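Read the structure below first, then the notes.
The values are calculated or read from the model by the stated rules, or taken from the named source; none is laboratory data. Quick caveat: nothing in here was measured; it's all calculated off a predicted structure. Glycine also receives a Cβ, built like all others from the backbone with ideal geometry; neighbour counts cover every protein chain displayed. Only protein heavy atoms, including side chains, enter the accessible area calculation; ligands, DNA and RNA are left aside. Shrake-Rupley method; radii C 1.70, N 1.55, O 1.52, S 1.80 Å.
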Amino acid sequence: MKKAFLTFVLALFGVVSFAQTAWKVDPMHSSVNFNIKHMGISFVQGRFDKFDGKVIAAADNLNNAEFSFFVEVNSINTGVEMRDKHLKSADFFDTEKFPRMTFESGSVTKDKNNTYLLKGKLTIKDVTKEVAVPVTFGGVTKNQQGKEVMGFQTTFKVNRLDYNIKYDPTGAGVAKDVDVNLYFELIRQ
C-alpha cells in the first residue's frame, strides 16, 4: 500500500512539474505600436488599441512556450481620424473583409541572456507568412494584487507589400517597411 501511494505521489509530482501555465495579456500594461516613414523625410506613428493574446509555458520563462495573439485592425489609431479611416479602407487593411491580424508561434529558442528567437505565422489580410522575431524577456514578478505577471517585448520590421497592402507600391509616399514595437505584460491564469 505504501509503495502504491509513493508511486502515486511521484507520478502526481511529475505531472505538476510539467504542467503548462497560461498567461493572458493585460491590456492596461501592454501596447501594439508601429512607425512608418512618410514622404521619405518623416515618420508617422500609430498603435492598435484592441488586442489580446496568451502564452502557454511550462516554466517562468519563454523556453518552448506557445504564443497566440490577435489585433483588432479596426482599432488602428494614428491620432488623425481622416488617416485612420483611410488605413481601414481597401487601400490598406480593408478591415471589413479582414478584421484581425493574428500570430501563432511555431517555435521559441533561447539566445543569450534574456533574449529568445520566436518563429511563427503572421497573418495580415489574406496573407500568412513565416516570421522570426527577437524577444526580450523581462521576467516574472508579482503585481500590486499579488498576481504573477510576465513581461516581454519585441521590435521587428514588416514589409507591408508582402501582405497585400499595396497602396503606393513604390514606397515614395508611404514606405514599404513598417517598424513594429510590441510591449506585453501578461497575468498568470
Could you give P(r) for the range 30-77, binned at 10 Å from zero, as whole percent values over all Cα-Cα pairs?
22, 33, 28, 14, 3
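What does the charge count around LYS157 come to, taking other residues whose C-beta lies under 14 Å from its C-beta (Lys +1, Arg +1, Asp -1, Glu -1)? Mind dumping the intermediate values first?
Details: positive: LYS37, LYS129, ARG160, LYS176; negative: ASP162, ASP177, ASP179.
With Lys, Arg at +1 and Asp, Glu at -1, the neighbours total +1.
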Take the residue pairs LYS54/LYS142; LYS37/LYS176; LYS119/LYS142; LYS88/LYS176 and return only those whose Cα atoms are more than 20 Å apart.
LYS119/LYS142
Helix 2-17 versus the longest principal axis of the chain: what angle, 0 to 90°, nearest 10, using Cα atoms?
10
So, for the range 42-189, what is the accessible surface per residue at a probe of 1.4 Å, expressed in square angstrom?
56
Calculated from DSSP helices alone, with each H run of at least 4 adding -39500 (n - 2.57) and the total divided by the residues of the chain, [θ]222 nm to the nearest 500 comes to -4000 deg cm²/dmol
Using only the Cα atoms, what convex hull volume per residue in Å³ does the range 45-106 have?
103
Formal net charge of residues neighbouring ASN35 (Cβ-Cβ distance under 15 Å; K, R +1; D, E -1):
+4
Under the 0.36 nm per residue contour assumption, what length would be gained going from the current alpha-carbon distance of HIS38 and VAL127 to full extension?
29.6 nm
Return the single residue from ASP52, ASP168, ASP26 with maximal mean-square fluctuation; model: Gaussian network over the chain, springs between Cα atoms under 10 Å.
ASP168
Mind listing the Cα extents of the chain along all three principal axes, in Å, largest one first?
76, 34, 34
Rounded to the nearest 20 debye, dipole of the chain from Cβ charges on Lys, Arg, Asp, Glu:
500
Starting from the Cα of ARG47, move 7 Å in the Cα-to-Cβ direction to define the label point; list residues of the range 147-177 whose amide nitrogen is under 19 Å from there.
150-156
Alpha-carbon centroid distance for the pair the range 160-188 / the range 49-105, whole angstrom:
11
Cβ under 15 Å from THR136's Cβ, THR136 left aside: what net charge do those residues give with Lys, Arg +1 and Asp, Glu -1?
0
Hey, with R₀ at 41 Å, roughly what FRET efficiency would HIS29 and LYS166 work out to, going by the Cβ-Cβ distance, to 0.05?
0.70
Fraction of alpha-carbon pairs in the range 86-133 farther than 11 Å apart, rounded to whole percent, equals 69
